[in-house]
Each structure stands twice: as structure tokens, then as C-alpha cells.
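All remarks here apply to the structure that follows.
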Amino acid sequence: MFKYIFCLIAILMQPIFAFLVFHKQEKQKAALKMPLVYLSGVYLVIQIFVFFKVCLKIPKDYQVYSYLLQSAILAVFIIIEIAMAASNKYITKVQTQEQSSIEVFKGLIQQLEICRVQITDEVNRKEIDKVLEKMRYSDPVSSPAVATENEAIRQLILQLSSTTDEAAFAEICGAIMKQLEIRKMKNTKEQG
């Protein structure tokens, strides 16, 4: 009976991994865990194949090698599963950071839109429209390296709401555009 233990382990892992993936959870998390189920199926096929093609042909005196071979396959499977689980956590962390940075940039656009609604001067409104247009077509994903630029843009937007002088208003809009360019360059450098 002991010689069948690794095949039994391979069979018992199937419902465990199926439950891990298919129990109630968000679809995105389940999708990240799907390769775990596929890998456990591959492990089952490999383990049974090796057992019937190799391990049963090993004489009783050398049965230790059969166990070593099957345990090596199990060890490789466990290492790969652990690596995949760790990569899933990393992917989730990166997605969360990315979503957070998008929300920060959308907040800046909303602040600028609120500021635009409060402006009555046509010249100032045209200036702010240019900035809004540039922000709408900018990449909303922010790397951690551009946090200072995002904060500078936020501060400049706050200054815009209290500025009525056309020259000062145009200067602040220009400063926002400059910060957007710096932000774009830092984001590009961070990604490349």
C-alpha cells in the first residue's frame, strides 16, 4: 500500500485545489488562481505516468529509488505552487497600487473641473480648458516617483481657485502643464 501513497496524494490534491479556486471569492482572485488547478492536474498526470511506467518496474530491493523519484516530483510541484501563490500576491499588490494611483490622478482632474466651474472669466476658462485637455489625455497611472509632482499639481490647482488675475492664472496653468510634462517623463523613465 505504501508504494501507492504518492498517487493517492496526487489524487487528493485535486479537490483541494479545486476548492481553493472555485469557492466563493472575487472573479479576479479566482482567475489568478486558475493556473494552480491546471498545475495540480498536470502533477496528477505526471505522477501516475511515472508510477506506472517507471516505479512499478523497479525491483523490490530498489524500491527506495521509486519513493525518491516520486517525492522529487512532489517537491518540484510544491515549489512551483508556492512560487505561483507568491506571484499572485505580487500581482494583486501591483494592481492595488495602480488602482490607487489612478484614483489620485482622477481626483486631480475632478478638482480642476470644480475649479473650472467656479471661473467666470473667459480668458481664464480657456487656459484651464487647455490644462484639462492635457490632463484628460495623460496617463493616469502614477509611479511612486511622481508623487511629488501630483502633490505640486494639487497645490497649483488650489492656487487657481483663488486667483483672478489673468497673468497669474496663465502662469499657474503653465506651471501645471510643466508639472504634467515632468510627471510624464518620470513615469516613462520608471516604466522603461
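Solvent exposure of the chain, expressed per residue, is 65 Å² of accessible area, with all protein chains present and a 1.4 angstrom probe. Most tightly packed first, judged by the mean number of other beta-carbon atoms within 10 Å of their residues, the peptides 91-101, 5-15 read 5-15, 91-101.
Based on Cβ point charges of +1 for Lys and Arg and -1 for Asp and Glu, what charge dipole magnitude is obtained for segment 149-190 about its Cα centre, in debye rounded to the nearest 20? Here the size comes out at about 280 debye.
For segment 51-136, the alpha carbon positions stretch 95, 16, 12 Å along the principal axes, listed from largest to smallest. Put a plus charge on the Cβ of each Lys and Arg, a minus charge on the Cβ of each Asp and Glu, and nothing anywhere else: the dipole of segment 107-192 about its Cα centre is then about 340 debye. Modelled this way, with points 7 Å down the Cα-to-C-beta line, the labels at Lys106 and Asp165 are 3.7 nm from one another.
Segment Leu8..Glu98, full-extension length gain: 28.1 nm, with 0.36 nm per residue of separation and the alpha-carbon distance subtracted. Compactness of segment 113-181 is given as radius of gyration and Dmax, 11.8, 36 Å, from Cα positions. Evaluate Rg over Rh across segment 58-192, taking Cα atoms for both radii and Kirkwood's formula for Rh. Ratio value, two decimals: 1.45.
The values are calculated or read from the model by the stated rules, or taken from the named source; none is laboratory data. Nothing here was measured: the structure is a model prediction, and the numbers come from that model. Glycine also receives a Cβ, built like all others from the backbone with ideal geometry; neighbour counts cover every protein chain displayed. Each accessible area value is taken on the protein alone, full model and side chains, heavy atoms only, with ligands, DNA and RNA left out. Shrake-Rupley method; radii C 1.70, N 1.55, O 1.52, S 1.80 Å.
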